[in-house]
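These notes are about the structure you will find just below.
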Amino acid sequence: MANNCFSLVRGRSMRVTRLDGCGNVVPGLDSSVVSDGFITVGLTAQTDEGTTISITNAAGKICILDEPCPKFLGYDISIEFCGVNPVLYEILTGQSGVEDGAGNSVGFRVNSGVDACDTGFALEIWSNVPTAACEPGSGVSYGYFLIPFVKGGIIGDFTIGNDAVNFTLTGAASKDGSAWGVGPYDVVAADPGPGAGPLLTAIDPKDHLHMQLTTVAPPEPDCDPVEVGTLATGATAGTPGEWEPANSYAPPSVVYLQTATPAITATPVTAWASGEYIVTGDGETGHWDGDSWENGEAP
C-alpha cells in the first residue's frame, strides 16, 4: 500500500454547514454556504497537561516522578473574513440575519441573549496541492480539511476607519459528539469508482479533525446559500407531527402548504385529531382538516 506524501499551499474555499446543538445536520434551503471570502482560518490546539507528581527524598534526590501525557481537548477556531456574507455569519454564530422588504438577506445582528451553544456548524476547507507535487499522469489533487462539530462562534473585534472593514469569528471551538457520519456531500473518490462519494469511513463522535488528500474538486464559491437535504412532500399528524420522507425539511410556511404544487400529502387524509399539528419552517403551526391545510392546531 502506497504512502502519499504531499504539500499544501493556500486556502482555496470553505463550506459551512448548519448543525443543531447536538451536532446533527439541519436540512433546509439555506443550510450551507460555500465561500472563498476569508483571509485566514486558525486552529489552535487545546490540551490538558495534567499534574506532574515529583517527590524528593531526604538526600534531595527525586524518588517519585510521574509526568502525565498531555490530553487533547479540541481546537479553538478563528476566522478572518474579507467581505460580508449575512447567511454565513448567521450559521456560524446563531445570531439572526437582517432582511429587506423583498426577503433578501442584507445584514446581521449581534444580540447578547443568543446562546452560541444552542447551535453548531461543520467547517470544511480546501487547499491547493502545488503542481510540482503532482505525480506524473495523475489528476489535480486538493487538501481537504473537516472539523465536523463546532460551537460558540462570535463576531469579534473590528475597526471602521480609512481601510477595509474585516469581520472575525472568535470563540468557536471543536466539540465531541459529532453526528456527521460520512457526511451529506461527495468529497472523495467513490469506492468503488468511478465518480465521487462521501467519506469512506464515518467520523467518530470524538473526531475533531479529518484531513486528507482528495481528487474531488471543491464546490464553487457562491454568495447564495445552498440547500441541504430535500423539501418535505408529506406530513404525518402528531403533537407535533413529522415531515416525510425522513430527513426532509419543513416547507417554509402554512401558505406554502396551501398553495404547493404538487400538494403536500397529509397522513391521515381524514381530518386530524384535536390538538394535532405540524410546524413549518417559519415556526408557525398548521393542520389538515380533511380538505385543506389550515393554520394552528386541529380544533
Determine which single condition residue 278 fails, assuming it passes every other condition in (1) out of contact with any Phe, Trp or Tyr (no Cβ under 8 Å at 6 or more places or on another chain); (2) modelled with pLDDT of 95 or more; (3) crowded, with 17+ Cβ neighbours inside 10 Å.
(1)
Quick count over the stretch 30-54, residues being surrounded by 10 or more Cβ atoms within 10 Å (Cβ to Cβ) and either over 30 Å from residue 10 (Cα atoms) or not assigned by TED's automatic domain parsing to the domain that holds residue 185 (or both), is 5
Here is a list: 259, 215. Which entry is within 30 Å of residue 107 (Cβ to Cβ) and among the polar types (S, T, N, Q)?
259
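Going by the structure shown, is residue 67 of a type in the set (D, E, K, R) and surrounded by 12 or more Cβ atoms within 10 Å (Cβ to Cβ)?
no
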Hits in the stretch 48-84 - residues which are among the charged types (D, E, K, R) and outside any loop (DSSP other than H, G, I, E, B):
48, 66, 71, 76, 80
Only one residue in 12, 18 is charged (D, E, K, R), at pLDDT 95 or above and surrounded by 13 or more Cβ atoms within 10 Å (Cβ to Cβ), so which one is that?
18
Among the residues of the stretch 221-237, is there at least one that is over 29 Å from the mean Cα position of the chain (by Cα) and farther than 30 Å from residue 127 by Cβ?
yes
List the number of the failed condition for residue 256; all other conditions in (1) assigned to a helix (DSSP H, G or I); (2) surrounded by 16 or more Cβ atoms within 10 Å (Cβ to Cβ); (3) touching a strand residue (DSSP E or B) at 6+ places or on another chain (Cβ under 8 Å) hold.
(3)
Between a first residue in the stretch 249-269 that is among the polar types (S, T, N, Q) and a second residue that is in a loop (DSSP other than H, G, I, E, B), which pairs have beta carbons less than 8 Å apart while being 6 or more apart in sequence or on different chains?
253/280; 253/281; 253/282; 253/284; 258/292; 265/233; 267/237
Is it the case, given these coordinates, that residue 41 is closer than 20 Å to residue 165 by Cβ, part of a loop (DSSP other than H, G, I, E, B) and within 20 Å of the chain's Cα centre (by Cα)?
no
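The values are calculated or read from the model by the stated rules, or taken from the named source; none is laboratory data. This is a predicted model, so every value here is computed, not measured. Cβ coordinates were reconstructed from backbone atoms using ideal geometry, including for glycine residues, and neighbour counts include every protein chain displayed.
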